[in-house]
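What follows is a set of notes on a single structure, which appears directly below.
The values are calculated or read from the model by the stated rules, or taken from the named source; none is laboratory data. The structure presented is a predicted model; accordingly, all values stated were derived computationally and were not measured. Positions of Cβ are backbone-derived with ideal geometry, glycine not excepted, and every protein chain shown enters the neighbour counts.
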Ligand code: HEM
Ligand SMILES: [Cu+2]
């Protein structure tokens, strides 16, 4: 018989909570607007992130239109193009993906999946959302500011970011961008404290760390990373704001601009790059780890099979999280550094590939001989694996210095990073929404609309980014507004560009189907019941669907088993919820 | 970037230590519990607020480590002239240390349930902390009057920026401390204040530690220390 121990230092909450302890909203305003309920905050975060994400999508259309039909859209001049690239990249990475995975899914899923009533600091959690909203509004305001948004590229490298040659550099653009980032980080820190401490302190009885679903492991580790990595961006943003507004010289070397000597001198642009990438590289994994976690759960549930190598999956998540802090300088090979450091950073970069590859094998092995249901969440999960592996393989090309030199700064790179950190996480987000929408609203999303959405999005995204590899191999550069006189590309390259743009428009349009589905199914969707996917994890075992305030009614659930008891031999059903104890005799634990 | 790496290594050690206690090698798929044999809550677990504070301090620590890293990297350039340390900073340091001590004293008093002493001690902590902030502003003005302006030299810029950020953190702490003090003077029992006082004390000790490191940095001792380390290594 195996003993069940809870981890040391875990405060196990009492099984019953006095009704008084919960915060109770008094009016419509505090219930739905200034709400302290993590579920409402999650929805607020998600809707805001999707809204600003749509802006980034429209920007990508405009860029694609310009690339396919240069000159046809006179309002997209070179400056505008740079502004669009910058805002598109920054919004997608930070304001959409980070906010949606951690603020959206984190808020909704953490308390429900670990059997808590809410986040541990609900008030800070509410503030977190409002500060995030403010950050988004400040960012959006830069579209209307004189001079428009910044066009410095999403990496915001100084000195160009604050010079007049860059759009927004000497206007409001860069100031608003930096202020918005600072606000985002403050807001995120308040939320992040909640996500981490809730996982540490508020797990229900029996929910040991090794019984947590991988979704929680992914979100938890990513949040820890984000809490430690965002300060670097914060410092970089504050210092650049000082340079731009107060005239200091942290990053700004002495410069002559249009014949006048600028007041700056001696600053170090390299310092900015270190700070930026100390944040920037972990950021890739801050987006990837929640996706890894969620996709593991989707695959396990919809293939009716326990996740292959659960322990390895947990360790891989933690190891990836740790390693990603010591590889940042691989983004700075071209900036020059001591060769010994270069070797160190190249080695650590390659080592990260090992746990990542292990995860991919484990997903595939979970699918192997599983009872695969091709539901929408499963389709999106499969699409994730395909795109992620594809992007990983091109990453191997780029990791190779000899290959990288001719390919760097071409469309090949654009194709690569859109595959791994653009399309792949987006696939997981869609899969997750199709998976959890029934819990959030009590209704299923419409299947037909979902199928249309999936096939157009998946095949379309492939049609957009796969050909870009060829453009890159032909030498088409990235961040170019038009090819102009330097046309060394065959006409076929141009044809390909038009094709890509058409596909980008189609894929974008397909999202309208998705948004319509979200709204339509709210009223008209098939009623879902409490556990439509017959899943084991706690969020599907709530007494009400959608879960009410406090989540669990009078008694908290008690956890007796891990999250992956699917198709257990001899069991009555093909899944056993986590809160179901072993039968009195002959428990599998006793046999082991 | 070595300072932040050392800091991160410390965090990594703490995380590893914590994870080592979490039975990460268990085989959860073999361990199914039966109804009734789930453990009850352990009473020795630390308060959630305290854990929250520690996590927050890790974030603040990362922030200042990064600032110090940046300071060292920027310092290597030719145009760097260190800021002279106004003598006032010694007074400020004493004030902040006194504030920290006062909070430690408050903590002891709340434990003994002595209401009057708690109130006085809290007030003392509050007053000395405000004194520190006023002193910092005066030190800024003194430097500015002596011609050490923000933009003259990167050393000045760092000095104003880092002390400013440290001051902001103290102001944030003051908000919480004032609330606790206000409660104490409006009839709250010392036993009910124990947790808030303890949290304030931890935060204050931490900000004092940060300040001492920053002081050493600005005074140039940190450089001497690093030079010694370098010599030992080579
Ligand atoms: C249908 C979807 C998308 C399309 C059509 C698209 C298109 C583009 C285009 C045309 C560029 C500029 C390439 C250049 O000229 O250098 C770009 C840049 C970029 N995109 Fe996307 N994108 C999409 C989705 C995403 C997503 C989901 C992400 C999230 C990670 C993302 C992140 C970025 C980043 C980081 C850049 C680089 C910005 C820079 O160079 O500063 N994109 N995208
Ligand atoms: Cu990287």
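In the set (1) surrounded by fewer than 16 Cβ atoms within 10 Å (Cβ to Cβ); (2) assigned to a helix (DSSP H, G or I); (3) more than 13 Å from ligand 1 (Cβ to nearest atom), the condition left unmet by residue A:489 is number (2).
Scanning region A:56-98 for residues that are more than 12 Å from ligand 1 (Cβ to nearest atom) and either closer than 19 Å to residue A:156 by Cβ or touching a strand residue (DSSP E or B) at 6+ places or on another chain (Cβ under 6 Å) (or both) turns up A:79, A:80. Annotation: of all residues in region A:166-175 being in a helix (DSSP H, G or I) and crowded, with 23+ Cβ neighbours inside 10 Å, the one that is nearest to the other protein chains (Cβ to nearest Cβ) is A:174.
Residues to consider are A:112, A:137, A:127; find the one that is more than 16 Å from ligand 1 (Cβ to nearest atom), within 14 Å of chain B (Cβ to nearest Cβ) and part of a helix (DSSP H, G or I). Give the derivation first.
Working: A:112 fails: within 14 Å of chain B (Cβ to nearest Cβ); A:137 fails: within 14 Å of chain B (Cβ to nearest Cβ).
Being more than 16 Å from ligand 1 (Cβ to nearest atom), within 14 Å of chain B (Cβ to nearest Cβ) and part of a helix (DSSP H, G or I) holds for just one of A:112, A:137, A:127, which is A:127.
Name the residues in region B:148-159 that are facing chain A (nearest Cβ under 9 Å) and in a helix (DSSP H, G or I), would you? Outline the logic, then answer.
Here is the first cut: in region B:148-159, the residues facing chain A (nearest Cβ under 9 Å) are B:150-151, B:153-154, B:156-158.
Those that are facing chain A (nearest Cβ under 9 Å) and in a helix (DSSP H, G or I): B:154, B:156, B:157, B:158.
For the condition surrounded by fewer than 19 Cβ atoms within 10 Å (Cβ to Cβ) and farther than 15 Å from residue B:215 by Cα, what is the one hit in B:78, B:129, B:102?
Working: B:129 fails: surrounded by fewer than 19 Cβ atoms within 10 Å (Cβ to Cβ); B:102 fails: surrounded by fewer than 19 Cβ atoms within 10 Å (Cβ to Cβ).
Exactly one residue qualifies, and that residue is B:78.
Regarding residue B:95, is this residue in contact with a helix residue (DSSP H, G or I) (Cβ under 6 Å, 6 or more places away or on another chain), without any contact (Cβ under 8 Å) to a residue 40 or more places away in the chain and crowded, with 16+ Cβ neighbours inside 10 Å? Spell out how you get there, then give the answer.
Details: in contact with a helix residue (DSSP H, G or I) (Cβ under 6 Å, 6 or more places away or on another chain): yes; without any contact (Cβ under 8 Å) to a residue 40 or more places away in the chain: no; crowded, with 16+ Cβ neighbours inside 10 Å: yes.
Judged against the criteria, residue B:95 is not a match.
Of all residue pairs spaced 6 or more apart or on separate chains, those with beta-carbon atoms under 8 Å, a first member in region A:471-484 that is over 18 Å from residue A:84 (Cβ atoms) and away from every other protein chain (no Cβ under 14 Å) and a second member that is modelled with pLDDT of 85 or more and within 16 Å of ligand 2 (Cβ to nearest atom) are A:472/A:413; A:472/A:414.
The set of residues in region A:167-202 that are under 30 Å from residue B:28 (Cβ atoms) and under 24 Å from the mean Cα position of the chain (by Cα) comprises A:191, A:192, A:193, A:194, A:195, A:196, A:197, A:198, A:199, A:200.
Among the residues of region A:429-485, those identified as crowded, with 17+ Cβ neighbours inside 10 Å, within 14 Å of ligand 1 (Cβ to nearest atom) and under 22 Å from the mean Cα position of the chain (by Cα) are A:429, A:430, A:453, A:456, A:457, A:458, A:460, A:461, A:462, A:464, A:465. The C-beta contact set for region A:196-211 (first residue closer than 18 Å to residue A:311 by Cα and facing another protein chain (nearest Cβ under 9 Å), second residue outside any loop (DSSP other than H, G, I, E, B) and at pLDDT below 90, distance under 6 angstrom, 6+ apart or interchain) comprises A:210/B:28; A:211/B:28. Of everything in region A:244-262 that is at pLDDT 85 or above, outside any loop (DSSP other than H, G, I, E, B) and more than 9 Å from chain B (Cβ to nearest Cβ), the residue that is surrounded by the fewest Cβ atoms within 10 Å (Cβ to Cβ) is A:245.
Restricting attention to region A:507-530, the residues being in contact with a helix residue (DSSP H, G or I) (Cβ under 7 Å, 6 or more places away or on another chain) and either at positive phi or free of Cβ contacts under 8 Å to residues at least 24 places away in the same chain (or both) number 1.
Restricting attention to region B:51-92, the residues being part of a helix (DSSP H, G or I), touching a helix residue (DSSP H, G or I) at 6+ places or on another chain (Cβ under 7 Å) and either over 30 Å from residue B:124 (Cβ atoms) or facing another protein chain (nearest Cβ under 10 Å) (or both) number 22. When the criteria are applied in full, residue A:141 fails the requirement of being more than 16 Å from ligand 2 (Cβ to nearest atom) and modelled with pLDDT under 95.
Kindly evaluate residue A:230 against the criterion of being buried (at least 22 other Cβ atoms within 10 Å of the Cβ) and under 19 Å from residue A:117 (Cβ atoms). Walk me through it before giving the result.
Details: buried (at least 22 other Cβ atoms within 10 Å of the Cβ): yes; under 19 Å from residue A:117 (Cβ atoms): no.
Taking the combined requirement at face value, the residue does not satisfy it.
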